[in-house]
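Only one structure is covered here, and it is reproduced in the block below.
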Amino acid sequence: MPIKTASLHGSPYIGIFCSVTDDVALVPHHTPHTEQKKIGEALEVNVIPCTVAESQLIGVMAKGLGKKIAVAYTTTDEEIRALEKHGLEIYRVHEMTAIGNLVCVQENGGIASPMIPQEEVARLQDFWNVKFHRKIVAQSEIAGSCIVATGRGFLSHPKTDPEEMESLEALFKVKGITTTANYGDAFIGNSVLANRKGVVVGERTSGHELARIDEGLNPRT
């Protein structure tokens, strides 16, 4: 599994700008072609330049699984139609914007922030057809920023305790590790893009962090 480093708009915090699944990568308009190509090749996905909620912070405003993408309630009809033209199914959440920070989902399960009402969690479960749990991670309510999860493994905030890790492993049905990225960023979702096929990390990520990320998302057993 390849691991590449990147920056977007001069920032190594690529997770706030992009939202990726096993099928697609949503990236901001005006992302240089070289960076689009790097992300597409590393993750083996179709790269779609776009805006969500009239923002370039797509990783904050959207979260996806496969070809199903949940987006901020302020996302415009025009933006939704543009995404649907790429064969994506779009769900506009109710009365929330930073859905990418509040949700972590992969094929076996999902974590939703307690900030999301239970009825909205139920709608997300129906949309993605996976079981969700409302919970904090590492004493934080922003689960989407604390965890990066794929069908192969997951990374979590370094303050995630062993009991929490066991719970997350049971939920996602894969092993995980705690780590930072971008030379100490504990909110791993801000700095890492990953799916089953590859990983892209912020360019400030250290060699030690790269090894930990590879261990968590590319298990050898």
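The values are calculated or read from the model by the stated rules, or taken from the named source; none is laboratory data. Remember, predicted model here, so these are calculated numbers, not experimental data. Note that we place each Cβ from the backbone using ideal geometry, even for glycine, and neighbour counts take in every protein chain shown. Just so you know, the surface numbers come from the protein's heavy atoms only, side chains and all, with ligands and any DNA or RNA stripped out. Shrake-Rupley method; radii C 1.70, N 1.55, O 1.52, S 1.80 Å.
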#### Entry: Accessible solvent surface per residue of segment 19-161, calculated while the other protein chains remain in place, 1.4 angstrom probe, Å²
43
#### Entry: Nitroxide proxy distance, nm - points 7 Å out along Cα→Cβ at H33 and K175
4.2
### Query
Full extension from V130 to E203: what is 0.36 nm times the residue separation minus their Cα-Cα distance, to one decimal in nm?
23.0 nm
### Query
So for the pair H9, K159, with labels modelled 7 Å out along Cα→Cβ, what separation do we get in nm?
2.7
### Task
Any chance you could run the full-extension gain for A122 through N46? It's 0.36 nm times the residue separation minus the Cα-Cα distance, nm to one decimal.
24.5 nm
### Message
Please list, in order along segment 184-192, the HN-Hα scalar couplings obtained from phi with the Karplus expression 6.51 cos²θ - 1.76 cosθ + 1.60 (θ = phi - 60°), rounded to whole Hz, x for Gly and Pro.
### Response
x, 6, 6, 8, 4, x, 6, 10, 10
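For segment 116-221, with all protein chains present and a 1.4 Å probe, just round the carbon and sulfur fraction of the accessible area to a whole percent. Please report the intermediate quantities before stating the final value.
Working: 2280 of 4770 Å².
The value for segment 116-221 is 48 percent carbon and sulfur by accessible area.
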### Message
I want to check the label-to-label distance for H86 and M115. Put each point 7 Å from Cα in the C-beta direction and report it in nm to one decimal.
### Response
2.5
### Task
For the pairs K67/K173; K68/K159; K67/K159, note any where the Cα-Cα span goes beyond 28 Å.
K68/K159; K67/K159
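Report for the chain the percent antiparallel among DSSP-assigned beta bridges with both residues inside it, nearest 5.
Details: 21 of 40 bridges.
Of all bridge pairs located within the chain, approximately 50 percent are antiparallel.
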### Task
Please tell me the relative contact order of the chain in percent, rounded to the nearest whole number, where contacts are Cα pairs under 8 Å and at least six residues apart.
22
